[in-house]
Protein chains: 2
Amino acid sequence: MNKLRGAELKGVEWMKVSKEKAAENRERILNEAARLFREKGAQGVGVDALGEAAGLTHGSLYSQFGSKDRLLAEAVAHAFSRFATKFGAVKDADTYVSKYLSTEHRENPGSGCTVAAIGSEMPRQSEAVRRAFTDATKRSMARMAALLPRRRGREREDDALVMLATMAGAMILARAVDDRELSDRILSVSRAQLQRVA
Amino acid sequence: MNKLRGAELKGVEWMKVSKEKAAENRERILNEAARLFREKGAQGVGVDALGEAAGLTHGSLYSQFGSKDRLLAEAVAHAFSRFATKFGAVKDADTYVSKYLSTEHRENPGSGCTVAAIGSEMPRQSEAVRRAFTDATKRSMARMAALLPRRRGREREDDALVMLATMAGAMILARAVDDRELSDRILSVSRAQLQRVA
DNA sequence: TGTACATCAGTGAACGCGCGTTCACTGATGTAC
DNA sequence: TGTACATCAGTGAACGCGCGTTCACTGATGTAC
């Protein structure tokens, strides 16, 4: 029963965690939650599985976050942020599109775009979760707009919004269909069209 | 306890349903399931609620469909089909885009596009459900392609796929964000861009 | 510096609840004669 | 056409299970003196 993987250091059986260790645990919970929610959906993963993935019991989630819903809200923000980091080095829209609409991204929703992974579940989420999602979406828009060479200001943001919608929609469709050929085709024709426009 | 709304005709308390009545019940279950799954997600609605919405008990779902999953598979096909019917009279891509990317559609997921409503839940569904989704997606592609004036054959289908992806992605984003202004903006800029292309 | 003790991250048992599914039963329908 | 009975759509109680949450407890950490 006593797993304690989160605190198994120095070989002792049990050890109350220091503030530093608690902060590490929190980060680990967020990383695993951000992955699991994207892989299995908000309702597809329970508090036991979330705790276990971080090497802790479910009770620790309540110490750190208070409820599953508040963990979800923080995990959504975390997931967006981690995904953005993966694209931090990208300096042009073409590269962004290629990377986003890749088979590598399609096969790995757990480390991928949050919109593509759980976008259609958002209307049914709490206010806190939707606020986190909305704020992150606005940041995505601004980041995408910065990569677009033509236009400026509001119109550039408009273009960024349509690009984000197209990429997310294409990835959702590509992951949803049970036909490899069609899935590949959705990715490649969307890539081609976006790179023609950008 | 004894509700029997599905069979309350002629004022009698109980009456075994005829084959005709059973077929009507089946249709009613499918209509309600197609609505509820789109409104609440595949995991967001249970067999009790599904039965009750059709005026029956959950047991009747098992007589008719055998399991919740098989009902979901049939409901997905049904939902796509009913949505397509709403667009049956549309004769050009511009009108289709306007109707799809409308606030009316955004506010009514239960009678709207299945991709927009539960698209990102599809990768986690059973083979039967995904097959129903995939078949319906192919039909959507063919129908959309038929509305596109330029190009032909495979290239026209390619354009249709990108349009479908953009519309679904835009609707998912517009429904997900907790900011009316941004939501309206996503719809209008996507409409503008698609009508420029089509 | 050493001692006494409050703090609080994490544990694990327990809770009420709703889930999907099973099953014995009901009784009008629909059919065999 | 009339009678006897098999069929089967739908009922409702029961099942085992996993869910999110609560809570008394543990014990090293971190602090007050």
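Under the definition of partner shielding as Cβ atoms of other protein chains within 10 Å of a residue Cβ, what is the mean value for peptide A:24-36?
0
Is the shape of the protein assembly as shown rounded, prolate or oblate, going by the alpha carbon gyration tensor and its root eigenvalues a ≥ b ≥ c, with a/c under 1.5 for rounded and a/b larger than b/c for prolate?
oblate
Quick one: Cα centre-to-centre distance for the range A:85-131 and the range B:75-98, in angstrom?
Between the Cα centres of the range A:85-131 and the range B:75-98 lies a distance of 28 Å.
If we hang a label 7 Å off Cα along the beta carbon direction at residue A:128, how far is it from the matching labels on the other copies, in nm, shortest first?
Ordered by distance, the counterparts are at 3.8 nm.
Where along chain B is the Cβ that lies nearest the axis linking it to chain A, and how many Å separate them?
B:169, 1
Run the numbers on chain A and let me know its relative contact order in percent, using alpha-carbon pairs under 8 Å that are six or more apart.
Relative contact order of chain A: 21 percent.
Filter the cross-link list A:68/B:86; A:99/B:40; A:138/B:40 down to pairs whose alpha-carbon distance in this structure exceeds 29 Å.
Where the Cα-Cα span goes over 29 Å, the pairs concerned are A:68/B:86; A:99/B:40.
Where the label is 7 Å out from Cα toward Cβ, how close does residue B:179 come to the same position in every other copy, in nm, shortest first?
Spacings between copies for this position, smallest first, are 3.8 nm.
May I ask for the net charge around residue A:196, where only other residues with Cβ less than 15 Å from the Cβ of residue A:196 are counted and Lys, Arg are +1 while Asp, Glu are -1?
-1
On average, how many beta carbons from a partner chain sit within 10 Å of the beta carbon of a residue in B:189-196?
The per-residue average across the peptide is 4.
Work out the mean other chain Cβ neighbour count within 10 Å for the residues of B:110-123 and drop it here as an integer.
That average works out to 5.
Give the residue from B:56, B:165, B:103 lying farthest towards the positive end of the charge dipole for chain B; charges sit on Cβ (+1 for Lys and Arg, -1 for Asp and Glu) and the dipole is referred to the Cα centre.
B:165
Normalised by the number of residues in the range B:127-193, what is the relative contact order in percent for Cα pairs under 8 Å and 6+ residues apart?
After rounding, I find 21 percent.
In debye to the nearest 20, how big a dipole does the range A:126-191 give about its Cα centre with +1 on each Lys and Arg Cβ and -1 on each Asp and Glu Cβ?
I would put it at about 400 debye.
Every other copy gets compared here: list the nm distances from the residue A:69 label point (7 Å along Cα to Cβ) to its counterparts, shortest first, one decimal.
Taking the point 7 Å beyond Cα along Cα→Cβ, the inter-copy spacings are 3.1 nm.
Counting Lys and Arg as +1 and Asp and Glu as -1, what is the net charge of the other residues whose Cβ lies under 11 Å from the Cβ of residue B:75?
Residues near residue B:75 contribute +2 overall.
For chain B, the longest stretch holding no trypsin sites (Lys or Arg not before Pro) located in a DSSP loop with at most 12 other Cβ atoms within 10 Å is which?
Longest site-free region, per DSSP loop and neighbour criteria: B:17-90.
Going toward the positive end of the dipole of chain A, with +1 on Lys and Arg Cβ and -1 on Asp and Glu Cβ, which of A:147, A:83, A:133 do you reach last?
The residue sitting most towards the positive pole is A:147.
We did not get these values from a lab; they are worked out from the coordinates using the rules stated. Bear in mind the structure is a predicted one, so any value in this text is a computation, not a measurement. Ideal geometry is used to build each Cβ from the backbone, glycine not excepted, and the neighbour counts take in all protein chains shown.
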